[in-house]
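Single-structure report; data block below.
The values are calculated or read from the model by the stated rules, or taken from the named source; none is laboratory data. Small disclaimer: the values here were computed from a predicted structure and weren't measured. We place every Cβ from the backbone using ideal geometry, glycine too, and count neighbours over all the protein chains shown.
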Amino acid sequence: MSFFGKSPNRGKKEEPKEESLPWIEPAQNPFGVRLLDLRPITQTMLATSSDPQMAHNAISYNTEDGTTFINTPLSDSTLISSNIIIPIDKMLAPGVLFTPQTMEHKWAIYYHNDTLIFVRSWLRQVVITAKTLQKENALVIESIKGKFINNESPEFTQKLVKYLLISHSINQIVPAPLPRELESTPKDAALWAFSVYGNIAQIGIFDETFDPPVNKPLRSHSLLHIAVAQGNINEVEKQFRNGLSLDLLAGDGLAPLHWSIASKEIQVMEKLLELGADPDSRSAEGATPLMNAVQSNKIHHVNLLLQSGANANAIDNRGFSSLHRAAEMGHLDIVIILLKSGADKNISSDGHTPLSFAERRGHEEIVKVLRG
């Protein structure tokens, strides 16, 4: 976050002084509005609880796909209309939008049955649901039920919903909405931000008219991706029958076929290819599954993809091929496999060829092969 200056060191235990919370003026940030730098508090505080159940709850979501929270009653039934619009990548699939990994993460977010589900992580309590529809590469939030905090206005509820989707699910740094009444006490505002947003909040804003930009589409870790990660072939087939695209990108920008490379076995990849997955599926960065398999040194996956028609000469958004990766990382056996499959050793990007990468890394055996 260089445009906001140097971040404070984590792990400090002293209480920040009021003057340690600087304001960032409009000319000093890309949003063109006055911001409060929350980092002296949100990036140094550690979340603790004397209740062991809360501590357990906060980090209990790694295997949670969100289905257990469907139709959970809310403690507050306030219903407001909304017209929040978030860009999506063709479709938003049922699944995980954000999973808390530490006690400093305060939310779990899921999407099921056209509904966004916001779970207070420490309590494992659903506090907000939002009904949506999808059209023209956009998710439209039509109504919101529940409240994040007591006495918040409908406008503030909508601000929090949009902020959490952008900051947590899309992983984009934008100003966190702060209560107007705390503007004169910046330290209190930062403590409030930490209690509500955790350490994901880095900058805050009191301007209720500010509408944060969204630079990337909202994607989920879909139920299909989760089934792939779990090696559950029956569930993979089920989610395919449910209409989920085999080339759908997850929140990390990868297709199910990319995810299947994480397994030591190739059965899930075989099933995806059998169902019709494109062996040259592209990630958000233009990488193919073959590139990822090469980088992970998964020879069996490499062979299967090539046998299934994967293009050995495909290049990513930076212009690099699978052979570039194999040569740079020293995967001699894969270099030989790729060359036998027709990989072009003369592809160059930014002045780099597979040979120049191998030479720079000192992979002498690969250098010999590429020079041969």
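Structure notes:
- Against the list (1) under 24 Å from LYS145 (Cα atoms); (2) buried (at least 24 other Cβ atoms within 10 Å of the Cβ); (3) in contact with a Lys or Arg (Cβ under 8 Å, 6 or more places away or on another chain), the condition ALA255 fails is (1).
- Conditions (1) under 23 Å from SER281 (Cβ atoms); (2) at pLDDT below 95; (3) of a type in the set (Asp, Glu); number of the one not met by GLU328: (2)
- Leading residue by the ranking (surrounded by the most Cβ atoms within 10 Å (Cβ to Cβ)) among those in segment 304-340 that are in contact with a strand residue (DSSP E or B) (Cβ under 8 Å, 6 or more places away or on another chain) and more than 17 Å from PHE357 (Cα to Cα): ALA312
- The lone exception for GLY95 - which of (1) free of Cβ contacts under 8 Å to residues at least 40 places away in the same chain; (2) closer than 30 Å to ALA47 by Cβ it fails: (1)
- For beta carbons closer than 9 Å, sequence separation of 6+ or different chains, a first residue in segment 108-137 that is at positive phi and among the polar types (S, T, N, Q) and a second that is in a strand (DSSP E or B) and at pLDDT 95 or above, the qualifying pairs are ASN137/PRO87; ASN137/ILE88.
- Applying a threshold of 7 Å to beta carbon distances and a minimum spacing of six or more residues, or different chains, the list of pairs starting in segment 31-43 at a residue that is on the phi > 0 side of the Ramachandran plot and surrounded by fewer than 23 Cβ atoms within 10 Å (Cβ to Cβ) and ending at one that is modelled with pLDDT of 95 or more and in a helix (DSSP H, G or I) reads GLY32/PRO26.
- Residue count for segment 59-83 under the criterion of being hydrophobic (A, V, I, L, M, F, W, C) and farther than 20 Å from VAL140 by Cβ: the result is 4.
- As a summary of the residue check, HIS301 satisfies the conditions (1) surrounded by fewer than 22 Cβ atoms within 10 Å (Cβ to Cβ); (2) not in a loop (DSSP other than H, G, I, E, B) except for the one numbered (1).
Yes/no matrix, rows are residues, columns are (1) at pLDDT 85 or above; (2) among the polar types (S, T, N, Q); (3) within 19 Å of PHE98 (Cβ to Cβ):
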{"residue": "GLU14", "(1), (2), (3)": "no, no, no"}
{"residue": "ASN29", "(1), (2), (3)": "yes, yes, no"}
{"residue": "ARG39", "(1), (2), (3)": "yes, no, no"}
{"residue": "SER50", "(1), (2), (3)": "no, yes, no"}
{"residue": "THR72", "(1), (2), (3)": "yes, yes, yes"}
{"residue": "ASP76", "(1), (2), (3)": "yes, no, no"}
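- Selection status of GLN158, over 19 Å from GLU64 (Cα atoms), assigned to a loop (DSSP other than H, G, I, E, B) and either touching a Ser or Thr at 6+ places or on another chain (Cβ under 9 Å) or of a type outside the set (D, E, K, R) (or both): no
- For segment 291-298, the condition holds for no residue, the condition being that it is surrounded by fewer than 20 Cβ atoms within 10 Å (Cβ to Cβ) and at pLDDT below 95.
- Test for VAL214: is it outside any helix (DSSP H, G or I), in contact (Cβ under 8 Å) with a residue 60 or more places away in the chain and either not small (Gly, Ala, Ser) or not assigned by TED's automatic domain parsing to the domain that holds ASP37 (or both): yes
- The set of residues in segment 166-186 that are touching a helix residue (DSSP H, G or I) at 6+ places or on another chain (Cβ under 6 Å), part of a loop (DSSP other than H, G, I, E, B) and among the aliphatic types (A, V, I, L, M) comprises VAL174, LEU178.
- A count restricted to segment 112-155 and to residues that are among the β-branched types (Val, Ile, Thr), in a loop (DSSP other than H, G, I, E, B) and within 20 Å of the chain's Cα centre (by Cα) stands at 0.
- Failed item in (1) in a helix (DSSP H, G or I); (2) outside the structural domain of VAL127 (by TED's automatic domain parsing); (3) in contact with a Ser or Thr (Cβ under 9 Å, 6 or more places away or on another chain), with GLY198 passing the rest: (2)
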